[in-house]
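Take a look at the structure below.
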Amino acid sequence: MTRPLTAAQRRLIEAADPETGRLKGTEAQLTALVKRGLAFRHPRPPHDHFLTPDGHRAREARSEPQENEPQTPASAGGVFTARVGGEPSPPAEGPSRAREVRSAWQGMLELRRMTNPDASTDRPCAWERTHLVQAAALALEAAGHRPAGAADGDDGYQVRETPQPDAVAVYAPDATMLRACAETLEGAGWQAGEYTEPRTRRRYVLASPRRV
């Protein structure tokens, strides 16, 4: 189970700038948030710290009481995980999940703005390039695509690793959904093309983050 935030960490997150996610605190406090994946240190001077998508989601979870919904450890400050499809124990759907996804996607756009050299939000940032499956899954889930609810993936998309170090494979139960997933990824700054597996003849989308 994810270790809960300390009171000091919660205060830092809640006090972050609402627009940029900029954090203020001691070096030790900020470093602790970085280690938990809730903050990152900007690579350019003055090397300020900012909330990551998980940090933004954690702050929103604290600031928006969820009426008539049980509070889980993850929504109380744990790490957000986008739906890749086919998980054995997927998170429950509903308003709470929708808020988490929306917050995570807005946090991702802010992370792009803060870390891409030209402040561009229309293409993936360095974090996404090192977390390909999660980044692609977040783009799909945030756009409203339905993730597969079972391992066979017959009712929604699935995002999977590939032997290529800079690409993921996206599967869907029919051609229409597959094309829609490709269009969503292209709109989110990915290069996407449809291919056929030689052995199974199964169609899939191969997607990689666009660099320019």
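The values are calculated or read from the model by the stated rules, or taken from the named source; none is laboratory data. Keep in mind that what you see is a predicted model, and the values were worked out from it rather than measured. When we count neighbours, we look across all protein chains shown, and the Cβ atoms used for this are built from the backbone with ideal geometry, even at glycine. Note: accessible area is taken over every heavy atom of the protein model, side chains too, but ligands, DNA and RNA are not part of it. Shrake-Rupley method; radii C 1.70, N 1.55, O 1.52, S 1.80 Å.
If you check V205, V159, V168, V101 for being touching a helix residue (DSSP H, G or I) at 6+ places or on another chain (Cβ under 8 Å), more than 26 Å from R57 (Cβ to Cβ) and aliphatic (A, V, I, L, M), only one passes: V205. The residues of the stretch 59-100 that are among the hydrophobic types (A, V, I, L, M, F, W, C), closer than 25 Å to T20 by Cβ, at pLDDT 80 or above and crowded, with 21+ Cβ neighbours inside 10 Å amount to a single one, A82. Total residues in the stretch 109-164 satisfying the condition of being in contact with a strand residue (DSSP E or B) (Cβ under 7 Å, 6 or more places away or on another chain), more than 15 Å from L178 (Cβ to Cβ) and open to solvent by 40 Å² or more (accessible area, probe 1.4 Å): the figure is 2.
Tallying residues that are in contact with a strand residue (DSSP E or B) (Cβ under 7 Å, 6 or more places away or on another chain) and closer than 21 Å to W127 by Cα within the stretch 165-180 yields 5. Residues in the stretch 25-47 that are surrounded by fewer than 10 Cβ atoms within 10 Å (Cβ to Cβ) and assigned to a helix (DSSP H, G or I): E27, A28, K35.
When residues in the stretch 13-24 are screened for being open to solvent by 20 Å² or more (accessible area, probe 1.4 Å) and of a type in the set (A, V, I, L, M, F, W, C), 1 of them pass. Please enumerate the residues belonging to the stretch 113-127 that are among the charged types (D, E, K, R) and free of Cβ contacts under 8 Å to residues at least 60 places away in the same chain. Hits for the stretch 113-127 are R113, D118.
The residues of the stretch 48-60 that are assigned to a helix (DSSP H, G or I) and among the charged types (D, E, K, R), listed by number, are D54, R57, R59, E60.
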